[in-house]
Number of protein chains: 2
Amino acid sequence: MTRIVRSLAELRDLTRDWRAAGATIGVVPTMGALHDGHLSLVRAAQAECDRVIVTLFVNPRQFNNAEDFAKYPRTEDADAAILSPLGADVLFVPDAAEVYPPGHATTISVSGVSEPLEGAHRPGHFDGVATVVALLFNMTQADRAYFGEKDWQQLQVVRRMVADLHLPIQIVPCPAIRAADGLALSSRNQRLSPDARARAALLPAVLLDTAARIEAGGTISPTLAGATVKLVEAGLSPVEYLELRDAESLGEAQPGRPARLLVAAWLDGVRLIDNVAVTLPAQG
Amino acid sequence: MTRIVRSLAELRDLTRDWRAAGATIGVVPTMGALHDGHLSLVRAAQAECDRVIVTLFVNPRQFNNAEDFAKYPRTEDADAAILSPLGADVLFVPDAAEVYPPGHATTISVSGVSEPLEGAHRPGHFDGVATVVALLFNMTQADRAYFGEKDWQQLQVVRRMVADLHLPIQIVPCPAIRAADGLALSSRNQRLSPDARARAALLPAVLLDTAARIEAGGTISPTLAGATVKLVEAGLSPVEYLELRDAESLGEAQPGRPARLLVAAWLDGVRLIDNVAVTLPAQG
């Protein structure tokens, strides 16, 4: 039975008892609208931790676009129902005043890794993410936190912040979960029309094809340009970015280091993001 | 016997054992050059906590002025000697690479309370303070942290940050410790010539006199202007600010709320700060 907790005081009572009993705590931060991607994070947490807290908070501060915030799906009852059979201990659903006390004035910023790609296209987004994630870590007192690799840059921003602030928590990355046609699961996919949903699988297909071409030694700029044209011609437009980056710093990709190919593109009024690993050929 | 610890790994081993044994941990963050003000914080921590960690770290990121950073006194051996009879458990002396891991990119900013006064005159200072204080809290895993009221605005910035980030630590303010002539103890006082040191007591004297005049109903602006002239004429110049502020928000002072009179002034090439409480007359 998953207990729904709304107040920090109640959560603190629980976590104090758990910690006193020597239990390890895992947290899965979510904005709700739970799908199999989230559930895979919950299962990973349950496999490794004695207690699991799923947080559900649609964080206003990480939306740079008021319409996106307003349209973000809110389905708490369905979320609780979908979570229940898994046996997570707590669904923590704080309201904004519980997360941000009156007069809240503190922001956590991570320079470098948060600046390109999503950071460039969604001003303030990663300040909002870093801040709320640190708050949720402190509120839940978790030992481990589970994040999906679908939001690759977010994962690297959170890792950097945790290392930099010496937060006593381990970040556990989990692979993106994909539909049968390859589309990475996302709460925003619900907003695609059936026709657009059918075409959306082109995004991961192009990513994988582009990664394969680069791994086979294809010249990077023309390969990315060709892939962008393919996406735009199929109606995935605009392509906000399609870039090969260092997997950890999100700076320039370096031969001999893990790289990542990342994309953001619009389809049917919905902004989709995805990414895949790229193993760069050793420098000739 | 106070144990000197330089590595975070060693500190974490200690604090893990302490916490497992149910001990409460107090931390006294310092930049060294310890004087009776710091020792009063250590004694307060020892009275309330099972274990006490004194941190000694001259944080480069909170100095907006390279010369001030270079000139800041560094007296680790003397600090260890002065601390030893008190029986603090640990003197934590990390180097900069231990505090800021390679590639460190994370900053904590507190808007509002950090902006006027010190914030206006020392750009970036409170970002540096907030960030390093959060790092030290996370590194030490302390339950309580002790700060002197001499750095009044710093105390309010730290309190705001702790509330905003839900840091699981209690901030304990302790009164400024003053020399017999009233000058608040500060590591920077060492840099005053004997003549300047003798004149420095005018600073708290003028503060107390000004507070008394305001409490007696004196009009604020002319009272502050008169006090500024008095300081400047005695060689305490420039006066960077002498202001009456709300004691908590550092915004405009409000009748019926605790207020604080705060000053920063230069003497003999040394920047001195001080503050006193003011009880505003009820609004007429």
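Pairwise Cα distances in the range A:3-174 exceed 21 Å for 46 percent of all pairs. Here the Karplus relation 6.51 cos²θ - 1.76 cosθ + 1.60, evaluated at θ = phi - 60°, turns the backbone of the range A:164-180 into coupling constants of 5, 8, 6, 5, x, 8, 9, 8, 10, x, 10, x, 4, 9, 10, 5, 4 Hz, with x for every Gly and Pro.
In whole percent, what relative contact order does chain B give with Cα contacts below 8 Å and a gap of six or more residues?
Values: 499 pairs, mean separation 48.8, N = 284.
Once divided by the residue count of chain B, the mean separation gives 17 percent.
With its label point defined 7 Å out from Cα along the Cα-to-Cβ axis, B:Glu233 lies at 8.5 nm from the matching points of the other copies, in increasing order. The amide H of A:Gly148, built 1.01 Å from its N in the peptide plane, has A:Cys174 as neighbours under 5 Å, considering only residues 5 or more places off or on other chains.
Placing +1 on the Cβ of each Lys and Arg and -1 on the Cβ of each Asp and Glu in chain B, which of B:Leu14, B:Trp152, B:Ala45 has its Cα farthest towards the positive end of the resulting dipole? Of the candidates, B:Ala45 comes out farthest on the positive side. Comparing B:Ala205, B:Phe69, B:Leu231 along the charge dipole axis of chain B, the residue lying farthest to the positive side is B:Ala205, per the Cβ-charge model. Springs between Cα atoms under 10 Å define the GNM used for chain B, and in it the highest mean-square fluctuation of B:Gly124, B:Gly103, B:Gly87 occurs at B:Gly103. Computed with a 1.4 Å probe over protein heavy atoms only, the accessible area of B:Arg197 comes to about 70 Å².
Placing a label point 7 Å from Cα along the Cα-to-Cβ direction at A:Asp17 gives distances to the equivalent points in the other copies of 3.1 nm, listed shortest first.
Leaving out ligands and nucleic acids, and using a 1.4 Å probe, what accessible area per residue does chain A come to in Å²? Don't skip to the end; give the middle numbers.
Values: 11660 Å² over 284 residues.
Dividing the accessible area of chain A by its residue count gives 41 Å².
From the alpha carbon centroid of the range A:198-271 to that of the range B:211-230 is 66 Å.
Rounded to whole angstrom, how close does the nearest chain A beta-carbon get to the axis mapping A onto B, and which residue is it? Value returned for chain A: A:Ile108, 3. When you look at the Cβ of every residue in A:164-172, what mean number of other chain Cβ atoms sits within 10 Å? Average neighbour count from other chains, rounded to a whole number: 5. For the range A:1-92, the Cβ-based charge dipole about the Cα centre amounts to some 220 debye (Lys, Arg positive; Asp, Glu negative; other atoms uncharged). Taking the charge dipole of the range A:187-277 about its Cα centre, with +1 at Lys and Arg Cβ atoms and -1 at Asp and Glu Cβ atoms, the residue from A:Ser221, A:Pro258, A:Val270 reaching farthest to the positive side is A:Val270.
Roughly how crowded by other chains is peptide B:96-105, in terms of the mean Cβ count from those chains within 10 Å of each of its Cβ atoms?
Numbers: counts 0, 0, 1, 2, 2, 5, 1, 7, 7, 13.
Averaged over the peptide's residues, the number is 4.
The calculated pair-distance distribution of the protein assembly as shown uses every alpha carbon pair, bins of 10 angstrom beginning at 0, and gives 3, 15, 23, 22, 17, 11, 6, 2, 0 percent.
Using a 1.4 angstrom probe on protein heavy atoms only, the contact between B and A buries about 2100 square angstrom of accessible area, both sides summed. Tell me the mean residue ellipticity at 222 nm calculated for chain B from its helices only (DSSP H runs of n ≥ 4, each -39500 (n - 2.57), averaged over every residue, nearest 500). Here the helix-only value at 222 nm equals -11500 deg cm²/dmol. Taking amide H atoms as placed 1.01 Å from N in the peptide plane, the amide H of A:Thr75 lies under 5 Å from those of A:Ala33, each 5 or more residues away in sequence or on another chain.
Given a 1.4 Å probe and the protein chains as shown, B:Arg16 ends up with an accessible area of around 140 Å². Annotation for B:Gln190, label-to-label distances across the other copies: 6.2 nm (shortest first, one decimal, point 7 Å from Cα along Cα→Cβ).
For the protein assembly as shown, the dipole from Cβ point charges (+1 on Lys and Arg, -1 on Asp and Glu) about the Cα centre works out to 180 debye, to the nearest 20. Residue by residue along B:106-118, Cβ atoms of other protein chains within 10 Å of the local Cβ number 5 on average. Considering only A:Leu86, A:Leu236, A:Leu272, the Gaussian network model of chain A with Cα springs below 10 Å gives its largest mean-square fluctuation to A:Leu86. Do you know the relative contact order of the range B:189-284, to the nearest whole percent, from alpha carbon pairs under 8 angstrom that are 6+ apart? Relative contact order here is 29 percent.
Using a 1.4 angstrom probe on heavy atoms only, work out the carbon and sulfur share of the accessible area of the range B:239-284 in %. Working shown, then result.
Details: 940 of 2000 Å².
Solvent-exposed carbon and sulfur of the range B:239-284 make up 47 percent of the total.
For the range B:101-222, the Cβ-based charge dipole about the Cα centre amounts to some 260 debye (Lys, Arg positive; Asp, Glu negative; other atoms uncharged). What's the angle, to the nearest 10 degrees (0 to 90), between helix B:36-48's Cα axis and the longest principal axis of chain B? So the helix axis and the longest Cα principal axis differ by about 60 degrees.
The values are calculated or read from the model by the stated rules, or taken from the named source; none is laboratory data. Source: prediction; values computed, not measured. A quick note on method: Cβ atoms are made from the backbone with ideal geometry, for glycine too, and the neighbour counts reach across all protein chains shown. Surface areas here come from the heavy atoms of the whole protein model, side chains and all, with no ligands, DNA or RNA. Shrake-Rupley method; radii C 1.70, N 1.55, O 1.52, S 1.80 Å.
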